[in-house]
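The values are calculated or read from the model by the stated rules, or taken from the named source; none is laboratory data. As the structure is a computational prediction, the values presented were derived from the model and not from experiment. With ideal geometry, Cβ positions are generated from the backbone for all residues, glycine too; neighbour counts draw on all protein chains shown.
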Amino acid sequence: MMKTIYTSFEEAVKDIKDYSTIMVGGFGLVGIPENLILALVESKVKHLTVISNNCGVDDWGLGLLLENKQIDKMIGSYVGENKEFERQVLAGELEVELTPQGTLAERIRAGGAGIPAFYTPAGVGTPIAEGKEVRNFDGKDYLMVTGLKADFSLVRAAKGDRLGNLVYNKTARNFNPEIAAAGTTTIAEVEELVDAGTLDPDHIHTPGIYVQGLIEGKQEKRIERLTLRREA
Amino acid sequence: MMKTIYTSFEEAVKDIKDYSTIMVGGFGLVGIPENLILALVESKVKHLTVISNNCGVDDWGLGLLLENKQIDKMIGSYVGENKEFERQVLAGELEVELTPQGTLAERIRAGGAGIPAFYTPAGVGTPIAEGKEVRNFDGKDYLMVTGLKADFSLVRAAKGDRLGNLVYNKTARNFNPEIAAAGTTTIAEVEELVDAGTLDPDHIHTPGIYVQGLIEGKQEKRIERLTLRREA
Amino acid sequence: MAVNLDKALVREKIAKRAEREIENGFYVNLGIGMPTMVANYIQEDKEIVLQSENGLVGIGRSPYENEVDPDLINAGKETVTAAVGASYCSSAESFAMIRGEHLDLAILGGMEVSETGNLANWMIPGKMIKGMGGAMDIVHGAKKIVIIMDHVNKHGEPKILKECSLPLTGEGVVDRIITDRAVIDVTDNGLVLVEVAEGWTVQEVVEATGAHLQVSENLLSATF
Amino acid sequence: MAVNLDKALVREKIAKRAEREIENGFYVNLGIGMPTMVANYIQEDKEIVLQSENGLVGIGRSPYENEVDPDLINAGKETVTAAVGASYCSSAESFAMIRGEHLDLAILGGMEVSETGNLANWMIPGKMIKGMGGAMDIVHGAKKIVIIMDHVNKHGEPKILKECSLPLTGEGVVDRIITDRAVIDVTDNGLVLVEVAEGWTVQEVVEATGAHLQVSENLLSATF
């Protein structure tokens with residue numbers, strides 16, 4: 001359980017090679033491993049298959065990898081915030097596999113949990129049922145869907161200790177815990193790296209067993225839709 | 001989300017009728033809803049199907065229900081701590097369905113998560129594979145197993161708030177969170193009942209949506225195998 | 001004769017009517033767009049919990065500027081606060097909660113609804129497909145699914161049809177449709193008109209509906 | 001000639017040899033009974049994490065009397081402490097971790113092992129079946145599965161066989177067998193004897209084994 005503590009983001013992503021499958025935590029721009037993504041852009045690694053709920057925006061997050069044409073295939077649930085995404089799909093430069101969000105989250109969980117396939121009602125009778133097994137349980141139809149794993153998982157946490165234990169802040173948790181568990185190699189970008197024993201064992205969201213490397217970094221935390229309460 | 005706050009354990013279990021299926025949290029005697037079980041004994045409800053990892057010991061926990069012949073069928077993974085259990089099984093008075101512990105935990109999770117069935121490697125080529133579908137994924141065989149639900153789920157938590165949010169202490173968590181989610185009606189016995197807003201939203205293990213009723217009680221917390229470090 | 005209201009007022013009218021679907025004590029998921037507006041009209045005497053599929057049980061009001069936490073958003077990616085007694089969870093847990101039918105109600109937008117309760121609300125063939133997000137899960141994930149939408153499209157054509165022409169989001173999932181003109185229930189025996197909005201007649205609603213509409217014996221008029 | 005050691009010493013010998021399977025940095029699950037004893041012999045220079053399937057990643061030493069928490073036990077239901085940097089999780093998460101092969105090693109007891117790596121360790125027909133507990137999950141849930149057991153049963157009959165006679169716990173799951181007499185690897189080409197314990201000859205081990213045993217070119221003798 002000795003974890004690699006990286007001192008540069010460049011070093012943290014150096015083992016990610018062309019044609020790797022990577023999973024990236026986050027929902028919208030919240031909880032994304034900002035600096036790991038930036039380092040991937042710098043690394044110029046290409047032909048990536050990326051599994052992530054969204055694909056960033058044009059100038060931030062996974063959108064940067066897209067702009068740089070580093071992604072061959074994207075598996076996600078909603079990619080509507082990104083014009084370059086649309087251009088590449090229409091030009092046939094980018095392959096997309098759209099999956100209902102809950103099915104995506106559960107497929108990732110299944111991948112990390114050693115479950116090769118499960119049944120879900122989501123998508124029955126819709127275009128995404130094409131080519132999938134439909135099976136009836138207790139009078140209701142379900143689709144069989146398979147677990148997802150990745151060569152590398154990139155997540156972001158609020159705090160991480162030197163044994164790889166992670167805690168997340170508020171809705172920045174989102175896909176991160178299940179993605180951390182589904183990567184052969186999982187690298188965590190943490191806002192604060194702390195000593196082992198600092199985090200309360202009852203409050204840890206991701207046990208260190210799922211994490212192979214950690215690096216501390218400072219995030220911009222861009223806000224997509226600032227919505228404020230009008231002063232009374 | 002208004003929850004029923006019971007003031008007596010008798011009242012907390014009064015809706016549990018003969019022939020109900022109940023799930024009960026705990027591993028060994030740790031994390032069991034002691035007082036809810038005692039109230040079930042008092043209630044004399046019978047013909048229960050009980051889903052729980054273990055079945056207590058002869059004079060405590062689910063063993064009390066067993067002694068009182070209130071259980072028709074038990075679904076669990078290990079029932080070796082209980083002589084009366086053995087007697088009833090050999091006498092044909094009690095039906096038993098043994099399930100590998102990880103499969104049991106995941107079947108309960110699936111039940112609460114709307115997943116009717118999933119595949120697991122546990123049990124392939126063993127007696128428990130009998131009658132189950134075997135399916136190969138990527139060269140490895142798996143068994144299809146189904147989700148489990150219950151009419152009533154009885155759990156124990158360290159703290160619960162008036163909105164039903166629960167936190168567990170150490171290994172008393174065990175089966176409780178997934179059992180809380182798999183019950184049509186879930187009743188939580190808590191060591192301490194607190195006001196809403198008291199628990200940190202990042203530290204809640206069971207969101208209140210899964211819990212219909214709560215009651216505060218004092219537990220004995222019997223220890224099955226006291227193992228101490230010898231003084232140096 | 002048909003009433004003319006500006007778009008914002010129509011949306012407000014639908015959202016206010018949809019709010020009446022929310023009972024005291026309900027756990028509710030509100031879809032992105034018009035459904036999110038329903039939150040603005042929740043009566044103060046109701047204690048309810050709004051669930052956000054990105055991992056928040058208990059959405060609070062929008063934050064004042066000094067309360068904004070970039071790590072705290074709703075599924076529409078808007079900054080929010082957490083209500084008293086809220087909890088955070090992972091996306092997988094959030095959808096376990098949804099798929100497991102622990103929500104009492106989901107209010108979602110719609111492009112088309114069929115007489116058997118099929119819903120189409122995620123793609124238009126020939127246009128860029130942005131993705132279904134959580135909609136396909138949510139339509140299977142609440143005890144009651146209410147669709148709110150305009151009664152007709154911008155060309156004046158019915159959006160409630162015998163069969164959806166657009167690719168489906170879910171099959172047989174809709175329980176109730178609330179439009180600017182009516183409230184319609186999807187039953188085992190087809191569509192039943194239960195309420196007619198102020199300014200509309202039963203005849204007008206029937207004519208603007210592309211499927212057979214039974215009129216409830218207990219039909220209410222001008223309820224919203 | 002076969003050595004005679006008392007039972008406790010034999011168990012200690014097996015446990016100490018099994019400890020050598022644990023590499024620095026490993027996450028390990030130790031089965032109930034003799035495997036749990038392995039923890040007593042872990043070399044101080046190794047940093048490892050012991051996982052307990054009831055929901056503890058990082059089992060610590062046994063508690064002093066004033067440290068006992070009835071809510072903190074291992075899978076054998078013994079009171080324990082948590083190691084520095086430990087975490088608690090639910091049983092479902094714990095087995096997700098196991099089934100997902102995140103553990104480096106599991107050391108379990110055995111009644112019989114076949115030459116294809118089948119394991120029987122949970123039931124004897126005709127006797128009361130107490131249940132498999134977590135064993136059926138764990139045999140599929142670590143990168144390496146090591147079985148520790150006596151080489152022969154109390155009647156002197158081999159426990160390593162061409163085929164198990166008892167109902168299986170898992171099929172083709174065992175990587176290595178450690179007994180009081182030998183270390184044997186299960187390979188695609190059958191069983192390979194890699195170490196012989198002090199006091200035993202290759203010939204004696206072969207004769208006490210109920211399946212064909214190849215002898216490794218790199219056989220080590222008197223290693224434990």
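I'd like the full set of residues that are facing another protein chain (nearest Cβ under 7 Å) and either buried (at least 22 other Cβ atoms within 10 Å of the Cβ) or in contact with a strand residue (DSSP E or B) (Cβ under 7 Å, 6 or more places away or on another chain) (or both), limited to the stretch D:121-140.
Listed by number, the residues that qualify are D:Ile129, D:Gly131, D:Met132, D:Gly133, D:Gly134, D:Met136, D:Asp137, D:His140.
Name the residue, out of B:Ile75, B:Ile32, B:Ile22, that is in a loop (DSSP other than H, G, I, E, B), within 19 Å of B:Pro177 (Cα to Cα) and in contact (Cβ under 8 Å) with a residue 60 or more places away in the chain.
B:Ile32
For B:Val79, work out the one condition from (1) surrounded by 24 or more Cβ atoms within 10 Å (Cβ to Cβ); (2) of a type outside the set (Phe, Trp, Tyr); (3) modelled with pLDDT of 95 or more it doesn't fulfil.
(3)
Considering (1) polar (S, T, N, Q); (2) crowded, with 18+ Cβ neighbours inside 10 Å; (3) more than 17 Å from C:Gly131 (Cα to Cα), say which one A:Asn53 fails and leave the rest.
Going through (1) polar (S, T, N, Q); (2) crowded, with 18+ Cβ neighbours inside 10 Å; (3) more than 17 Å from C:Gly131 (Cα to Cα) one by one, A:Asn53 breaks only (3).
With the structure loaded, tell me whether B:Asp161 is over 22 Å from B:Thr21 (Cα atoms), surrounded by fewer than 17 Cβ atoms within 10 Å (Cβ to Cβ) and at pLDDT 95 or above or whether it fails that test.
Judged against the criteria, B:Asp161 is not a match.
Which numbered condition in (1) more than 9 Å from chain D (Cβ to nearest Cβ); (2) under 21 Å from B:Gly25 (Cβ atoms) is the only one that B:Leu98 fails?
Only one criterion in (1) more than 9 Å from chain D (Cβ to nearest Cβ); (2) under 21 Å from B:Gly25 (Cβ atoms) is unmet by B:Leu98, namely (1).
For every residue, the table says whether it meets (1) part of a helix (DSSP H, G or I); (2) touching a residue at least 40 places away in the same chain (Cβ under 8 Å).
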site: D:Glu21; (1), (2): no, yes
site: D:Thr36; (1), (2): yes, yes
site: D:Glu44; (1), (2): no, no
site: D:Asn54; (1), (2): no, yes
site: D:Val57; (1), (2): no, yes
site: D:Arg61; (1), (2): no, no
site: D:Gly85; (1), (2): no, no
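Would you check if there is a residue in the stretch B:182-195 being farther than 16 Å from B:Ile37 by Cβ, of a type in the set (A, V, I, L, M) and surrounded by fewer than 24 Cβ atoms within 10 Å (Cβ to Cβ)?
Yes: the stretch B:182-195 contains one or more residues that are farther than 16 Å from B:Ile37 by Cβ, of a type in the set (A, V, I, L, M) and surrounded by fewer than 24 Cβ atoms within 10 Å (Cβ to Cβ).
Provide a single number: the residues in the stretch B:122-150 that are of a type outside the set (Val, Ile, Thr), touching a residue at least 12 places away in the same chain (Cβ under 8 Å), in contact with a Phe, Trp or Tyr (Cβ under 9 Å, 6 or more places away or on another chain) and part of a strand (DSSP E or B).
Final tally of qualifying residues: 5.
Working only within the stretch A:1-19, note down all residues that are part of a loop (DSSP other than H, G, I, E, B) and within 14 Å of chain D (Cβ to nearest Cβ).
A:Met1, A:Met2, A:Lys3
Given the residues D:Thr209, D:Thr179, D:Thr201, D:Thr187, which is the only one that is more than 23 Å from D:Met37 (Cα to Cα), crowded, with 18+ Cβ neighbours inside 10 Å and more than 14 Å from chain B (Cβ to nearest Cβ)?
Checking each option against the conditions leaves just D:Thr209.
Would you be able to say whether some residue in the stretch D:50-65 is touching a strand residue (DSSP E or B) at 6+ places or on another chain (Cβ under 9 Å), surrounded by fewer than 24 Cβ atoms within 10 Å (Cβ to Cβ), farther than 21 Å from D:Ile107 by Cα and more than 10 Å from chain A (Cβ to nearest Cβ)?
Scanning the stretch D:50-65 turns up at least one residue that is touching a strand residue (DSSP E or B) at 6+ places or on another chain (Cβ under 9 Å), surrounded by fewer than 24 Cβ atoms within 10 Å (Cβ to Cβ), farther than 21 Å from D:Ile107 by Cα and more than 10 Å from chain A (Cβ to nearest Cβ).
Mind counting the residues in the stretch A:170-226 that are over 20 Å from A:Arg107 (Cβ atoms) and either touching a residue at least 60 places away in the same chain (Cβ under 8 Å) or more than 13 Å from chain D (Cβ to nearest Cβ) (or both)?
28
Which of the residues that make up the stretch D:60-91 are within 22 Å of D:Met132 (Cα to Cα) and within 22 Å of the chain's Cα centre (by Cα)?
Result: D:Ile73, D:Asn74, D:Ala75, D:Gly76, D:Lys77, D:Glu78, D:Thr79, D:Ser91.
Is it the case that B:Ile223 is of a type in the set (Val, Ile, Thr) and under 22 Å from B:Asp15 (Cα atoms)?
no
Restricting attention to the stretch C:4-43, which residues are more than 14 Å from chain B (Cβ to nearest Cβ), touching a strand residue (DSSP E or B) at 6+ places or on another chain (Cβ under 6 Å) and not small (Gly, Ala, Ser)?
Within the stretch C:4-43, C:Ile14, C:Arg17, C:Glu21, C:Leu30, C:Met34, C:Pro35, C:Thr36, C:Val38 meet the criteria.
Please verify whether the stretch D:155-164 includes one or more residues that are within 14 Å of chain B (Cβ to nearest Cβ) and outside any loop (DSSP other than H, G, I, E, B).
no
Scan the stretch B:89-121 for residues that are outside any loop (DSSP other than H, G, I, E, B) and surrounded by fewer than 20 Cβ atoms within 10 Å (Cβ to Cβ) and report the count.
6
What is the residue count in the stretch A:35-49 for residues that are part of a loop (DSSP other than H, G, I, E, B) and surrounded by fewer than 19 Cβ atoms within 10 Å (Cβ to Cβ)?
3
Would it be correct to say that C:Arg176 is touching a His at 6+ places or on another chain (Cβ under 6 Å) and of a type outside the set (Gly, Ala, Ser)?
Judged against the criteria, C:Arg176 is not a match.
Restricting the stretch C:87-114 to residues that are surrounded by fewer than 21 Cβ atoms within 10 Å (Cβ to Cβ) and part of a loop (DSSP other than H, G, I, E, B), which is farthest from the other protein chains (Cβ to nearest Cβ)?
In this case the residue turns out to be C:Met111.
Out of the residues in the stretch D:71-83 meeting the condition of being closer than 17 Å to D:Ile42 by Cβ and part of a strand (DSSP E or B), tell me which one is nearest to the other protein chains (Cβ to nearest Cβ).
Per the criteria, the residue is D:Glu78.
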